[in-house]
1. Given the criterion part of a loop (DSSP other than H, G, I, E, B), surrounded by fewer than 23 Cβ atoms within 10 Å (Cβ to Cβ) and either in contact (Cβ under 8 Å) with a residue 24 or more places away in the chain or touching a strand residue (DSSP E or B) at 6+ places or on another chain (Cβ under 6 Å) (or both), identify the matching residue among 92, 165.
2. Mind listing whichever residues of the range 133-162 are in contact with a helix residue (DSSP H, G or I) (Cβ under 6 Å, 6 or more places away or on another chain) and surrounded by fewer than 22 Cβ atoms within 10 Å (Cβ to Cβ)?
3. Would the range 111-129 turn up any residue that is assigned to a loop (DSSP other than H, G, I, E, B), surrounded by fewer than 18 Cβ atoms within 10 Å (Cβ to Cβ) and either more than 16 Å from the chain's Cα centre (by Cα) or in the same structural domain as residue 230 (by TED's automatic domain parsing) (or both)?
4. State whether one or more residues within the range 53-60 are modelled with pLDDT of 95 or more and surrounded by 17 or more Cβ atoms within 10 Å (Cβ to Cβ).
5. Quick one: in the range 179-195, of everything that is in a helix (DSSP H, G or I) and out of contact with any helix residue (DSSP H, G or I) (no Cβ under 9 Å at 6 or more places or on another chain), which residue is nearest to residue 169 (Cα to Cα)?
6. Could you tell me which numbered condition residue 262 fails, if it satisfies all but one of (1) more than 19 Å from the chain's Cα centre (by Cα); (2) in a loop (DSSP other than H, G, I, E, B); (3) modelled with pLDDT of 95 or more?
């Protein structure tokens, strides 16, 4: 009996993933076959008619079995694309997500020479900003030592490590000096929202990066009360928010005395980024 073709293996994988409730099973089956066969995803069509080698079939079977229990594709292939670059990821950090690219665009809309990234995680925000601004220097802070190691690895991967200082820190604890830009993608899910999030998030990404275990607003209170002490005179804060949190986050920053507070939308038109500064 001949071995199945790559196309047949992929069709079986799609059916298995669909039965497991995986969103977009065809895309995931394709990406995982490419990874198992060590080819670019764009070449999967070319190998589709060919018989699949036993070692590739075994590797593919293992990957599909893990995806069926909702391990994220990014964890299985070890990376995720963000703002045109691939970032190494693991279960120790939150996956970079497309909506966070809105924060990147806003950060790049005005000049900055120094940036502080709170809760840096994979380092995707800090590393991207430093890669886009070759003269800038940055500091990334995270409570998780594993996240700091992951961010440092991504800084090396993208050639910005000489300009990125990654430190383990509880919010501003290890920060010093002043910055033109303070950025953050803090844990903003309320404890009550956690039961409704996808299994990929709930089971395979760090809970401390998703929720404060309370109302989802704790980080914004810390940033609102302390960030002014770390900003230059013309500095600004940009923080990602949950799409229903705009009014609450704006209220927190206005109450803390910020001169200008704006809530800006992502490409889907949903509230996504807080912009706060203190113009003269």
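1. On the way: 165 fails: part of a loop (DSSP other than H, G, I, E, B).
92 is the lone residue from the list that is part of a loop (DSSP other than H, G, I, E, B), surrounded by fewer than 23 Cβ atoms within 10 Å (Cβ to Cβ) and either in contact (Cβ under 8 Å) with a residue 24 or more places away in the chain or touching a strand residue (DSSP E or B) at 6+ places or on another chain (Cβ under 6 Å) (or both).
2. 136, 137, 158, 161
3. Pass one, the range 111-129, residues assigned to a loop (DSSP other than H, G, I, E, B): 111-113, 119-123.
Subset that is surrounded by fewer than 18 Cβ atoms within 10 Å (Cβ to Cβ): 111, 113.
Next, from what is left, pick out any that are either more than 16 Å from the chain's Cα centre (by Cα) or in the same structural domain as residue 230 (by TED's automatic domain parsing) (or both): 111, 113.
Yes, the range 111-129 contains a residue that is assigned to a loop (DSSP other than H, G, I, E, B), surrounded by fewer than 18 Cβ atoms within 10 Å (Cβ to Cβ) and either more than 16 Å from the chain's Cα centre (by Cα) or in the same structural domain as residue 230 (by TED's automatic domain parsing) (or both).
4. Yes, the range 53-60 has at least one match.
5. Narrowing the range 179-195 to residues in a helix (DSSP H, G or I): 191-195.
Subset that is out of contact with any helix residue (DSSP H, G or I) (no Cβ under 9 Å at 6 or more places or on another chain): 191-193.
On the way: 191: 23, 192: 27, 193: 26 Å.
Taking the candidates together, the pick is 191.
6. Against the list (1) more than 19 Å from the chain's Cα centre (by Cα); (2) in a loop (DSSP other than H, G, I, E, B); (3) modelled with pLDDT of 95 or more, residue 262 comes up short only on (2).
Here is a yes/no grid of residues against (1) in contact with a helix residue (DSSP H, G or I) (Cβ under 7 Å, 6 or more places away or on another chain); (2) within 15 Å of residue 76 (Cα to Cα); (3) assigned to a loop (DSSP other than H, G, I, E, B); (4) touching a residue at least 40 places away in the same chain (Cβ under 8 Å):
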{"residue": "7", "(1), (2), (3), (4)": "no, no, no, yes"}
{"residue": "10", "(1), (2), (3), (4)": "yes, no, no, no"}
{"residue": "15", "(1), (2), (3), (4)": "no, no, no, no"}
{"residue": "26", "(1), (2), (3), (4)": "yes, no, no, no"}
{"residue": "29", "(1), (2), (3), (4)": "yes, yes, no, no"}
{"residue": "34", "(1), (2), (3), (4)": "yes, yes, no, no"}
{"residue": "44", "(1), (2), (3), (4)": "yes, no, no, no"}
{"residue": "55", "(1), (2), (3), (4)": "no, no, no, no"}
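The values are calculated or read from the model by the stated rules, or taken from the named source; none is laboratory data. Just so we're clear, the structure is a prediction, and the values are computed from it rather than from any experiment. All Cβ positions, glycine included, derive from the backbone under ideal geometry; neighbour counts span all protein chains shown.
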